[in-house]
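Visitor: Quick one: the structure is below, questions incoming.
The values are calculated or read from the model by the stated rules, or taken from the named source; none is laboratory data. The model shown is predicted, which means the values in this text are computed figures rather than measured ones. Quick reminder, even Gly has a Cβ in these numbers, built from the backbone with ideal geometry, and neighbours come from all protein chains shown. Heads up: the accessible areas ignore ligands, DNA and RNA and are worked out on the full protein's heavy atoms, side chains in. Shrake-Rupley method; radii C 1.70, N 1.55, O 1.52, S 1.80 Å.
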Amino acid sequence: MLEHTHEDSGQIHKLVPHRGFNLITGIHSPEEVDRIKNWDVRDSDIFVITYPKSGTIWLQQILSLMEAKGDVTGTQDKMTSERIPWIELIGSEEGFVSSPSPRLRVSHLQYKFMPLGLREGKCKVIYVARNPKDVLVSYYHFHNYAAMLETPKDFNDFFEKFMKGQVYGNCWFEHVKTWYSHRNEMDFLYLTYEEMIQDLQSAVEKICTFLGRTLKEAELAGVVKHSMFTDMKRNPQANYTLVSSSLLNHQRGSFMRKGTVGDWKNYFTVAQNQRFDRVYEEKMRDVPLSFVWDIGDTIPA
Ligand code: A3P
């Protein structure tokens, strides 16, 4: 059994597999996660699905701003994670049942745990993927900073765990592949982190079209402006600086860390990179997806 214990803050969190997916004790409950599949979804529900560190907070901010018609003051009553909560956290069901429409939610769960209505196309699903080398680096930093996750010995130690899927979210390849393979059964939008870096306004417009929302020019400009990295980094409601230090140790890192493409080049050794490329090639052989690996490739020629 895979069990990692972390004891900062006196609370013990362990990564414990449940039906082939690692849950974090004290954060998730297997019984509650199993009940999610029976949740009643509404046509107006919007779910954002990501593998960790792929830009979840970014979508939370964009969708909040869209609801507020680009006016950032309309998003400052609560933290991002309260406005658009995770469905897998302990105690999330009650809020889901009682919230007015539209209900906006995020999740890192695998497809098999999701409400049946979602899987049958009853609501909207936005899946955001990020190139997995940058995900790995971002996740490494997050492990150094999040009290509920085990602090890696070093980068190589974390690299091995990520490759084995011994993290929350499990195997990146499985997550992306499974969700993507079911895309035609759902009302589904696939987005990448890198396309948002490349052209945030077009990405926001794409989200609006998918959700059937029309924003005036000034409203759209407000959404884009307040979901830029620099703006979010300064905005405590959007950047998790207000999250208790028993969950995030703010001395050791920040959630809005670097926000770029290609940071993996500063961490991967040549051998790690070659190994990653071999695994990627093998696992993604039959998947019609491609990723941008370098910031230079996001700039139009
Ligand atoms: P880095 O650690 O590489 O900086 P998640 O919310 O899924 O955990 O993703 C967090 C990652 O998304 C972090 O990556 C964070 O900086 C990045 N991110 C969040 N908002 C962003 C934005 N507006 N622009 C660019 N990157 C953003």
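Visitor: So for the range 222-241 (the condition being more than 12 Å from the ligand (Cβ to nearest atom) and within 21 Å of residue 47 (Cα to Cα)), does at least one residue qualify?
Guide: Yes, some residue in the range 222-241 is more than 12 Å from the ligand (Cβ to nearest atom) and within 21 Å of residue 47 (Cα to Cα).
Visitor: Give the residues of the range 18-44 that are touching a residue at least 24 places away in the same chain (Cβ under 8 Å) and assigned to a helix (DSSP H, G or I), sorted by residue number.
Guide: Those that are touching a residue at least 24 places away in the same chain (Cβ under 8 Å) and assigned to a helix (DSSP H, G or I): 32, 33, 34, 35, 36, 37, 38.
Visitor: Ok, one more. Regarding the range 144-158, can at least one residue be identified that is under 30 Å from residue 269 (Cβ atoms), outside any helix (DSSP H, G or I), free of Cβ contacts under 8 Å to residues at least 24 places away in the same chain and within 16 Å of the ligand (Cβ to nearest atom)?
Guide: The answer is yes; a qualifying residue exists.
Visitor: Go through the range 36-63 residue by residue and tally those that are within 23 Å of residue 171 (Cα to Cα), away from the ligand (no atom under 14 Å from the Cβ) and open to solvent by 10 Å² or more (accessible area, probe 1.4 Å).
Guide: 1
Visitor: Contact list please: Cβ distance under 8 Å, first residue in the range 83-104 and free of Cβ contacts under 8 Å to residues at least 40 places away in the same chain, second residue assigned to a helix (DSSP H, G or I) and of a type in the set (Gly, Ala, Ser), pairs at least six apart or on different chains.
Guide: Note: pairs meeting the criteria are 83/64; 84/64; 85/92; 85/95; 86/92.
Visitor: With a cut-off of at least 1 residues that are under 14 Å from residue 196 (Cβ atoms) and in contact (Cβ under 8 Å) with a residue 60 or more places away in the chain, name the helices (runs of 4 or more DSSP H) lying wholly within the range 212-252.
Guide: By residue number, 217-226, 229-234.
Visitor: Same structure again: Let me spell it out: the conditions are (1) on the phi < 0 side of the Ramachandran plot; (2) of a type outside the set (Phe, Trp, Tyr); (3) open to solvent by less than 20 Å² (accessible area, probe 1.4 Å); (4) more than 16 Å from the ligand (Cβ to nearest atom), and residue 174 meets all of them except one. Which number is the exception?
Guide: Going through (1) on the phi < 0 side of the Ramachandran plot; (2) of a type outside the set (Phe, Trp, Tyr); (3) open to solvent by less than 20 Å² (accessible area, probe 1.4 Å); (4) more than 16 Å from the ligand (Cβ to nearest atom) one by one, residue 174 breaks only (3).
Visitor: Looking only at the range 186-211, count every residue that is assigned to a loop (DSSP other than H, G, I, E, B) and touching a residue at least 60 places away in the same chain (Cβ under 8 Å) and tell me the total.
Guide: 1
Visitor: What pairs come out if I take residues in the range 269-293 that are closer than 16 Å to residue 175 by Cβ and pair them with residues that are open to solvent by 70 Å² or more (accessible area, probe 1.4 Å) and assigned to a loop (DSSP other than H, G, I, E, B) whose C-beta lies under 6 Å away, six or more apart or interchain?
Guide: none
Visitor: Going through the range 184-218 one residue at a time, which ones are under 24 Å from residue 53 (Cβ atoms), open to solvent by less than 70 Å² (accessible area, probe 1.4 Å) and of a type in the set (D, E, K, R)?
Guide: Answer for the range 184-218, where residues must be under 24 Å from residue 53 (Cβ atoms), open to solvent by less than 70 Å² (accessible area, probe 1.4 Å) and of a type in the set (D, E, K, R): 194, 195, 199.
Visitor: Moving on. So, of the residues in the range 253-295 that are in a loop (DSSP other than H, G, I, E, B) and among the charged types (D, E, K, R), which turns out to be nearest to residue 198 (Cα to Cα)?
Guide: Filtering first and then ranking leaves 294.
Visitor: Within the range 76-124, considering only helices (runs of 4 or more DSSP H) that don't extend past its boundaries, which have at least 1 residues that are at pLDDT below 95?
Guide: Here the list reads 80-83.
Visitor: Restricting attention to the range 18-66, which residues are on the phi > 0 side of the Ramachandran plot and under 19 Å from the mean Cα position of the chain (by Cα)?
Guide: 53, 55
Visitor: Working only within the range 128-152, note down all residues that are aromatic (Phe, Trp, Tyr), out of contact with any helix residue (DSSP H, G or I) (no Cβ under 8 Å at 6 or more places or on another chain) and modelled with pLDDT of 95 or more.
Guide: 142
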